[in-house]
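Readers should treat all values here as calculations from the given coordinates under stated rules, not as data from a laboratory. Just so you know, these numbers come straight off a predicted model, no measurement behind them. Don't worry about glycine lacking a Cβ; one is built from the backbone with ideal geometry, like all the others, and counts go over all protein chains shown.
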Amino acid sequence: MEASYFTRHPFAKDIIGIVIFIVCVIIGTILINTFVFRSFNVVGPSMESTLYTGDRLIVDRLPVTWAQLQNKTYIPKRGQIIVFKNPRFIQGTEDEYIVKRVIGLPGERVQLKDGRYTVYNTQYPNGFNPDDANRGEPRSPTSGAIDEIVPAGEIFVSGDNRQGNYSYDSRNGLGTIPLYDVVGPAEVRIFPFNKIRTFPT
């Protein structure tokens, strides 16, 4: 009886096994990044003093995946820190993905006056400060003045460093963010190791 090819060439069997393993790892990584979680580096001062350049975040993709499986649109919660694809991204620049805090939800009126945000909706027709529940973050007054309705299917976002032009956000040129551009909420800061923390979800 003639021996099988792999019996005669055990090295080939090892090579095929390694290739299959590498392919499985690549496919697994793609699936995890697409449907479970992704990691992002913070760049720039826009989220100080909550986040700083070099901070590494784990972003939870599961809420977005679950909404898509139900044929629904994922809407993040107000006050959450989220990562989203920059709707004004230009190829070759660094800001393809941005991290900001959710201020206004679809259909709400967002007003910025005298250094603070006020959000109006059917539940709060007299308005409320969306920062009241954010553990005192951010702490600085907010520059600028706006009064607008958040379009359907979009959200209003702001950095936590709101003085001057430190944060490029919905106040000053970025505009409101389509919900389909949201990657997901920041779940935990994993680096630097001495500043590991979770974020409200």
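Descriptive notes on the structure:
- Projecting label points 7 angstrom from Cα along Cα→Cβ for K85 and T201 puts them 2.3 nm apart.
- The stretch between Q70 and N41, if pulled fully straight at 0.36 nm per residue, gains 7.4 nm over its current Cα-Cα span.
- Each Cα pair under 8 Å and six or more residues apart adds its sequence gap; the mean of these over the residue count of the stretch 39-198 is a relative contact order of 30 percent.
- For the stretch 51-72 and the stretch 148-201, distance of Cα centres in Å: 12 Å
- In the frame of its principal axes, the stretch 45-90 has Cα extents of 36, 25, 19 Å, reported largest first.
- Loop-resident GluC sites (Glu not before Pro) (DSSP state other than H, G, I, E or B) in the stretch 77-130 with no more than 16 further Cβ atoms inside 10 Å of their Cβ: E94, E96.
- Relative packing of 21-28, 118-125, which averages over residues the other C-beta atoms within 10 Å, highest first: 118-125, 21-28
- Rounded to 10°, Cα long-axis angle of helix 10-35 versus longest principal axis of the chain: 10 degrees
- The mean of 1/r over all pairs of different alpha-carbon atoms in the stretch 39-198, once inverted, gives a Kirkwood hydrodynamic radius of 16.0 Å.
- Eligible lysines near K113 by straight Cα distance, threshold 30 Å, same-chain separation 8 or greater: K77, K85, K100
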